[in-house]
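Bear in mind that the values in this text are calculations on the coordinates, not laboratory data. Everything quoted here is computed from the prediction, not taken from an experiment. Here the Cβ is made from the backbone with ideal geometry for all residues, glycine too, and neighbour counts use every protein chain on show.
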């Protein structure tokens, strides 16, 4: 059974704060690492698909880095806004050609 | 992207009854769809991979006779929970793959529906 862990489990920040979360995954048989953003009562929305060690991706105020050798990825949010409140999921794709998800980091941004 | 709908969004049923959940691709013909479930405080767990026109592939530990999957068209996959029991109460969510290969490659984005909350009394 693959182990994909996310930390922290939940996070509460104020508007304007920058924050980051961690996703840990197996360092062997790596194919890709996905990040999704999941707002309550909506569909999970794809943020990034990362494949190369050292890869950095950016989408607006959200960015992510990838370290496949040590098996972790960071997701950063710069200047958090209330609309960033959501659960952020990472998912590991190994050679089994399916996604294994972490339990998510729930972010709440308050004014 | 792709737009995926699920119906119903929530359902409550009595123990022993069967419940059908629909997953529709509204703007894409999906060869492959996936069904996940999520128990409280746990991660999304893949139940099965649904392939249009062929039998679904179930993950280890998922009873194929209990969770019937029908992917009869390129825009519709259904999951039927047969003889539901309280332990089947969970959040069920589908996704589809837009990959050109027709099968999921690790770099393909999956597009999700909004999910269905099933409560079995």
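List of remarks:
- Theoretical FRET efficiency, 1/(1+(r/R0)^6), r = Cβ-Cβ of residue A:14 and residue B:26, R0 30 Å, to 0.05: 0.20
- Working from Cα pairs under 8 Å separated by at least six residues, relative contact order for chain B is 36 percent.
- Shielding of B:90-98 by partner chains, average beta-carbon count, 10 Å: 1
- With neighbours defined as other Cβ atoms within 10 Å of a residue's Cβ, the residues B:121, A:11 order from fewest to most as B:121, A:11.
- Residue by residue along B:105-117, Cβ atoms of other protein chains within 10 Å of the local Cβ number 6 on average.
- If R0 equals 25 Å, the separation of the Cβ atoms of residue A:95 and residue B:121 corresponds to a calculated FRET efficiency of about 0.05.
- Neighbour-count order for B:46, B:76, A:33, fewest beta carbons within 10 angstrom listed first: B:76, B:46, A:33
- Ascending count of other beta-carbon atoms within 10 Å, so fewest first, for A:37, B:117: B:117, A:37
- Residue among A:67, A:29, A:53 with the largest mean-square fluctuation in a Gaussian network model of chain A, springs linking Cα atoms under 10 Å: A:29
- Shape call, the protein assembly as shown: gyration tensor on alpha carbons, a/c limit 1.5: prolate
- Distance from the range A:1-70 to the range B:48-94 (C-alpha centre basis), Å: 28
- Taking a ≥ b ≥ c as the square roots of the eigenvalues of the Cα gyration tensor, an a/c ratio of 1.5 or more together with a/b larger than b/c marks chain A as prolate.
- In this simple spin-label approximation, residue A:29 and residue B:74 carry label points 7 Å from Cα along the Cα→Cβ vector, and these lie 3.2 nm apart.
- For chain B, a Gaussian network of Cα nodes joined below 10 Å ranks B:61, B:16, B:53 by mean-square fluctuation, and the top entry is B:61.
- Taking every alpha-carbon pair under 8 Å whose residues sit at least 6 apart, the range A:26-111 reaches a relative contact order of 30 percent.
- Shielding by partners for peptide A:26-36, expressed as the average number of C-beta atoms from other protein chains within 10 Å of each residue's C-beta, is 2.
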